[in-house]
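**Q** The following block contains the structure, expressed as structure tokens.
The values are calculated or read from the model by the stated rules, or taken from the named source; none is laboratory data. Predicted model, so just to flag it, every value in this text is computed and none were measured. Don't worry about glycine lacking a Cβ; one is built from the backbone with ideal geometry, like all the others, and counts go over all protein chains shown.
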Amino acid sequence: MSDGFPAPLVMRVHGRLTLHTWLAAAHRAGRLEEDLFSLAVARTTAYGWADFGHGLAGTRWGHNDAGGDWTQDGEVREIAWIQVDCAEAPAGQRVPLTPLGRVVAECLSRVGTFDVHAVEVSVPVHEAVDARRDLAYAATWADLADPAGRAECTVSVDTIADPAPAATVVEACRARAGEAARFDHDGTRLLCRLREWSLDAAIWVLEIVTDALRVSGLGTRAQVRIEV
């Protein structure tokens with residue numbers, strides 16, 4: 001997709017992770033061999049989304065690195081981060097935010113329970129393709145959430161510095177979100193009302209914002225953070 005030039009995608013999840021009791025003991029003793037890197041390799045390989053020397057065709061990304069702070073003190077920490085290179089993904093495929101988020105969610109769920117405070121991505125907007133049709137399908141999935149649910153989120157984008165681009169991006173987000181999300185802005189930040197809050201919901205919003213940035217022409221790379 002990038003003519004040989006790297007196109008790194010970085011995802012960071014901030015929240016609280018509570019390890020399963022049998023793993024917490026091993027973690028305290030420094031005997032827990034698995035970490036986010038090894039678990040991400042295992043899940044990515046299982047789905048066939050990355051090539052670890054097996055010569056797979058049609059992989060979604062190249063795995064660079066991963067990690068996370070699993071300190072068990074009840075504080076909000078960066079419980080997961082992962083960096084991949086999506087430069088060699090097949091032409092026409094979206095920046096892989098949703099599959100990468102699924103890998104992170106499954107890795108964290110395998111070792112414990114977690115709640116999410118914020119998700120931050122450094123996304124190669126120049127790699128984004130028109131995702132309107134795919135996002136329409138995603139909106140039908142999100143619409144199944146309890147309509148009485150409510151989660152207020154803010155979305156910060158480093159390429160939005162004044163109300164004019166914020167309004168442009170909000171308009172594009174509204175056209176892609178369906179009934180399960182409501183977008184507005186406060187001048188420099190996007191405001192989003194969701195029916196539910198989860199890692200999946202956060203990634204869905206990041207997908208919407210990425211496509212809105214693409215169509216709005218706001219930069220080739222963006223730092224985007226969603227938080228409650």
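**Q** Yes or no: Arg214 more than 22 Å from Val125 (Cα to Cα) and within 18 Å of the chain's Cα centre (by Cα)?
**A** It is false that Arg214 is more than 22 Å from Val125 (Cα to Cα) and within 18 Å of the chain's Cα centre (by Cα).
**Q** Additional query: Could you please give the count of residues in the stretch 155-208 that are touching a residue at least 60 places away in the same chain (Cβ under 8 Å) and either within 22 Å of Pro124 (Cα to Cα) or among the hydrophobic types (A, V, I, L, M, F, W, C) (or both)?
**A** So the answer is 14.
**Q** Here's a follow-up. Identify, please: which residue in the stretch 131-162 is among the hydroxyl-bearing types (Ser, Thr, Tyr) and more than 17 Å from Ala180 (Cβ to Cβ) and is, among those, modelled with the lowest pLDDT?
**A** Per the criteria, the residue is Thr159.
**Q** Moving on to the next point. Residues Asp211, Asp184, Asp115: which one is in contact with a Leu (Cβ under 8 Å, 6 or more places away or on another chain), acidic (Asp, Glu) and in a strand (DSSP E or B)?
**A** Asp184
**Q** Anything in the stretch 58-98 that is under 25 Å from Gly112 (Cα atoms), of a type outside the set (S, T, N, Q) and without any contact (Cβ under 8 Å) to a residue 60 or more places away in the chain? List them, or say none.
**A** His63, Asp65, Ala66, Gly67, Gly68, Asp69, Trp70, Asp73, Gly74, Glu75
**Q** Would you mind finding the one in Val121, Val103 that is of a type outside the set (Lys, Arg), assigned to a helix (DSSP H, G or I) and either in the same structural domain as Leu17 (by TED's automatic domain parsing) or within 14 Å of the chain's Cα centre (by Cα) (or both)?
**A** Val103
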